[in-house]
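None of the figures in this text is laboratory data; all of them are computed from the coordinates on show. Quick caveat: nothing in here was measured; it's all calculated off a predicted structure.
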Amino acid sequence: MKHLFVVLLCHIIFTSLMVAQGEYISRGTNAYSGSLLMQTNSEATAYGFQAGYSYKGFLDAGLTFIKANAGDFKNGILSPSMTYYIVKQEDDLHAPTVGVTFSYRHYPSTNTSAVAEPDSIPAISYYTKNITTTQTLDAYIFDVTAHKRIGYWNVFFFQPMLGGGISMTRADWNVCLRGGLEIGTRMVHGPLLVLVPSLEYQSTFTSFALNLQVVF
């Protein structure tokens with residue numbers, strides 16, 4: 001059960017914390033981005049940051065660092081990702097921006113369990129012994145996200161986001177669904193700022209995520 005929780009937590013903190021910048025720029029435009037990330041649920045809270053680059057507005061590369069407070073991850077987790085935009089809302093008046101993301105994680109996970117050991121031979125009584133094991137997990141995540149700008153208010157634009165993904169390890173695979181609202185504004189002669197609150201449902205967990213992104 002402990003191992004199952006670790007695997008589920010790995011999937012949970014890996015999906016909503018994945019961001020990209022190509023959905024905010026036009027085709028033919030290059031851009032850099034930086035993001036601060038937070039996600040929380042009833043079991044744990046994760047924090048992180050991401051740096052990204054968009055080539056010609058249709059191909060994004062990103063590198064994400066994540067650290068959870070659940071105690072099972074002794075080190076931070078570094079993850080590369082690539083996003084390709086199949087269609088962008090500028091291509092057609094009624095089309096959303098649709099991005100397909102592939103990311104990979106390789107990280108150690110520490111698990112402590114209690115086992116009963118005999119204190120004599122033949123066994124008359126037992127004592128509890130804690131055994132700590134470390135295993136390396138490889139996770140592969142395939143994710144699809146759709147964005148559609150719906151309007152403006154003063155200097156802000158609003159863009160709902162819907163997405164879903166599949167994450168796979170050697171042990172199992174898991175599916176998640178999420179939705180959120182991207183709220184953006186352009187600083188005067190400066191970068192684009194985007195705040196994204198979102199909810200994600202996965203297995204028995206519902207998580208809240210908050211991303212603050214700066215696009216140059």
Enumerate the calculated ³J(HN,Hα) couplings along segment 157-174 in order (Karplus 6.51 cos²θ - 1.76 cosθ + 1.60, θ = phi - 60°), each rounded to whole Hz, writing x wherever the residue is Gly or Pro. 10, 10, 9, x, 9, 10, x, x, x, 10, 10, 10, 10, 5, 7, 6, 9, 8
Just to compare against my own numbers: the Cα pair-distance distribution for segment 130-216, 10 Å bins, whole % per bin, please. 14, 35, 27, 16, 7, 2
Under 5 Å, built H, 5+ apart or other chain: amide partners of GLU182: GLN159, MET161
